[in-house]
Amino acid sequence: MTDGYFPPGSVLRHVQEHRAVGQTYGQRALIIGATHPVPYVGTSASTNAKERPFMRLSATAEAFESIFFGDREEADRVLAMVHQMHTRVKGSLDRDEGNFPAGTAYDAFDPELMLWTMAMLADSSRVAFETLVRPLEADEKEQLWADWVRFGELFGMPRSVAPATASELEEWMRAQVAGPDFHVTEEARVVGRAIALDMPVPLQLRIGISGTNLVVRGMLPPRVRRAFGLAWSPAHAAAYAAITAGVRASQRVVPDQVRIGRNTGLFQLVSATERRIISRGGRTMELPAA
């Protein structure tokens, strides 16, 4: 078997192979990503996410892990599939959204929008690892960011649009979250809250997923929590501190086969749970009327 794009020894692979990272970074990235109305509306208008949102999100997470951990053949198969899907993500806003007037164009291959999506993933990957595993050294942060830029390039993102260093990425992220283009559409608010609070899982996993959801909310910037109406009290903060400290401490005692590996089983469980809900005539979220 040939090495993949991120072979053993790459920092991105090391970070993402921690299951605690793989189970949380995507939720955080999706919620923050929904604060830019152009890529959010573009993706929503061009996919069937509204009908089965968690099945789509789980499939995306599983596809990314194929690129992180798979050989070139597996990764290239996923990349080709994603490229084909992205050709359908093109159009324009049908209404004003924040600073973006109706008619603003969106295109999945727009370099700036590709940077937005990739940067949300990269920043969330780092934040989740440092929250749940350990702090990264300065050189590790640089290597992680270089790997994520490479990840973006695999999807067609030009390297030239990416911040040059990890510290510049962090500055860029702070500017985006604090900036004037920050805007959450009515639909994005519903979807973001569902991602943060209502991931569909079987009854026996709901206590565990509630802890995961709390960790995700704690990793969000305060402005993002407020925009989605996610409560955050001193009690939430205390519980978050206790859970994250416990997860970090567990890294020293939990066997590698539990801590390390793909999250395929969890992603498929989420998809199966939503599929059952839909088959019974239910929905996993109630979206506002168009």
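Across region 83-93, computed HN-Hα scalar couplings (Karplus, 6.51 cos²θ - 1.76 cosθ + 1.60, θ = phi - 60°) run 4, 4, 5, 5, 5, 8, 8, 7, x, 8, 5 Hz from first to last residue, x flagging Gly and Pro. The separation of region 82-123 from region 183-212, counted between C-alpha centres, amounts to 23 Å. Within region 26-93, the trypsin sites (Lys or Arg not before Pro) that combine a DSSP coil assignment with at most 11 other C-beta atoms in a 10 angstrom radius are R88. Per residue, the chain exposes 48 Å² of solvent-accessible protein surface, assessed with a 1.4 angstrom probe and all protein chains in place. Accessible surface of region 143-290, 1.4 Å probe: 56 percent of it comes from carbon and sulfur atoms. Modelled label positions at A59 and S250, each set 7 Å beyond Cα in the direction of Cβ, lie 3.1 nm from each other. Charged side chains reduced to their Cβ positions (Lys and Arg at +1, Asp and Glu at -1) give region 165-264 a dipole of some 400 debye around its Cα centre. What is the Cα centroid distance between region 11-48 and region 244-290, reported in whole angstrom? Going from one Cα centre to the other spans 14 Å. In this Cβ point-charge picture (+1 for Lys and Arg, -1 for Asp and Glu), the chain has a dipole of about 1180 debye about its Cα centre.
Spin-label model, A237 to L197: label points 7 Å out along the Cα-to-beta-carbon direction sit 2.1 nm apart.
Under the simplified labelling scheme, the R275-A178 pair shows an inter-label distance of 4.6 nm, with each label point 7 Å from Cα along Cα→Cβ.
Checking (i) 31; (ii) 36; (iii) 24 against the coordinates, the calculated percent of Cα pairs over 31 Å apart falls under label (iii).
If R0 is 30 Å, the Cβ-Cβ spacing of E51 and R223 corresponds to a FRET efficiency of close to 0.50. Looking only at region 146-184, which residues have a backbone nitrogen under 19 Å from a spot 7 Å from the Cα of M85 in the C-beta direction? Under cut-off, by backbone N: 151-157. Taking T35, T60 and ordering them by how much accessible surface each has at a 1.4 Å probe, largest first, produces T60, T35. What longest region of the chain stays clear of GluC sites (Glu not before Pro) that DSSP places outside H, G, I, E and B and that have at most 13 other Cβ atoms within 10 Å? After excluding every exposed loop site, the longest remaining stretch is 138-285. Listed values for region 230-235 are Karplus-derived 3J(HN,Hα) couplings in whole Hz (6.51 cos²θ - 1.76 cosθ + 1.60, θ = phi - 60°), namely 8, 4, 8, 10, x, 5, and x replaces Gly and Pro.
Only helical runs count toward this figure. For the chain, summing -39,500 (n - 2.57) over DSSP H runs of n ≥ 4 and dividing by all residues gives -19500 deg cm²/dmol at 222 nm.
Estimated at the nearest 10 Å², the accessible area of Y40 is 40 Å² with a 1.4 Å probe.
The values are calculated or read from the model by the stated rules, or taken from the named source; none is laboratory data. All values derive from a computational prediction rather than experimental measurement. Quick reminder, even Gly has a Cβ in these numbers, built from the backbone with ideal geometry, and neighbours come from all protein chains shown. The accessibility values were calculated without ligands, DNA or RNA, using every heavy atom of the protein model including side chains. Shrake-Rupley method; radii C 1.70, N 1.55, O 1.52, S 1.80 Å.
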